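See below for the structure under consideration.
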């Protein structure tokens, strides 16, 4: 079976792959249940609206594709140049950093970490700074750090919503999709799970 990766969000390890005539969203933890079938316009939508990049990579199996996505995520997360290392705690960095270093790290958060969706790195550093004695030494940097923390949280929510939006376009039930009944059917399924049977409880 030949698989073609048509769109890629490297830092998330997420892609849109074509197997025959079917497009699937492939994302961690890489389960079939977590890989919904997508409509044809999803590739263009992911590239234009959700920060994915176009790809022409081809693979012989799902295992090869997943391995590629994992490797791309590792490379993307390391490709920051002078980054905040995982092996040193944010608290240690902040306590020894000069004002110039802190300004650099704040700029790194704004121009690299947030755009590249490295939200954990960004939040770890910002929270460490805002909770440190360095805030007393350089109070002028506090408002910027707080603003960037808000931006990070907003960007994380937007990124998660983007992937959820793509996933919600699952076409395994095309008749329901055509008649705009997917949401209603999902609600009904949730009710049935709560009732414990397919019949609504007597009123």
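The values are calculated or read from the model by the stated rules, or taken from the named source; none is laboratory data. Note that the structure is predicted; figures quoted are calculated from it, not measured. As a convention, Cβ positions derive from the backbone with ideal geometry for all residues, glycine included, and neighbour counts pool all protein chains shown.
On the stretch given as the range 1-54, residues that are more than 14 Å from residue 73 (Cα to Cα) and in a loop (DSSP other than H, G, I, E, B) total 15.
Quickly run through the range 16-36 and pick out the residues that are at positive phi and surrounded by fewer than 13 Cβ atoms within 10 Å (Cβ to Cβ). Once the filter is applied, which keeps residues that are at positive phi and surrounded by fewer than 13 Cβ atoms within 10 Å (Cβ to Cβ), the range 16-36 yields only 20. Residue 126 meets the stated requirement of being buried (at least 18 other Cβ atoms within 10 Å of the Cβ) and at pLDDT 85 or above. Scan the range 126-148 for residues that are more than 17 Å from residue 101 (Cβ to Cβ) and either under 17 Å from the mean Cα position of the chain (by Cα) or not in a helix (DSSP H, G or I) (or both) and the total you get is 1. Residue selection: residue 100 fails the criterion of being modelled with pLDDT of 85 or more and either surrounded by fewer than 17 Cβ atoms within 10 Å (Cβ to Cβ) or not in a helix (DSSP H, G or I) (or both).
Yes/no per residue for (1) under 18 Å from residue 10 (Cα atoms); (2) assigned by TED's automatic domain parsing to the domain that holds residue 41; (3) modelled with pLDDT under 75; (4) in contact with a helix residue (DSSP H, G or I) (Cβ under 9 Å, 6 or more places away or on another chain):
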residue: 142; (1), (2), (3), (4): no, no, no, yes
residue: 146; (1), (2), (3), (4): no, no, no, yes
residue: 153; (1), (2), (3), (4): no, no, no, yes
residue: 156; (1), (2), (3), (4): yes, no, no, yes
residue: 168; (1), (2), (3), (4): no, no, yes, yes
residue: 172; (1), (2), (3), (4): no, no, yes, no
residue: 181; (1), (2), (3), (4): no, no, yes, yes
residue: 184; (1), (2), (3), (4): no, no, yes, yes
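Just a yes or no: is a residue in the range 37-53 within 13 Å of residue 167 (Cβ to Cβ), more than 17 Å from the chain's Cα centre (by Cα) and surrounded by fewer than 19 Cβ atoms within 10 Å (Cβ to Cβ)?
Within the range 37-53, the first condition is being within 13 Å of residue 167 (Cβ to Cβ), and the residues that meet it are 37-39, 42, 45-46, 50.
Checking the rest, the ones that are also more than 17 Å from the chain's Cα centre (by Cα) come to 37-39.
Imposing the further condition that a residue be surrounded by fewer than 19 Cβ atoms within 10 Å (Cβ to Cβ) reduces the set to 37, 39.
Yes, there is a match, as at least one residue in the range 37-53 is within 13 Å of residue 167 (Cβ to Cβ), more than 17 Å from the chain's Cα centre (by Cα) and surrounded by fewer than 19 Cβ atoms within 10 Å (Cβ to Cβ).
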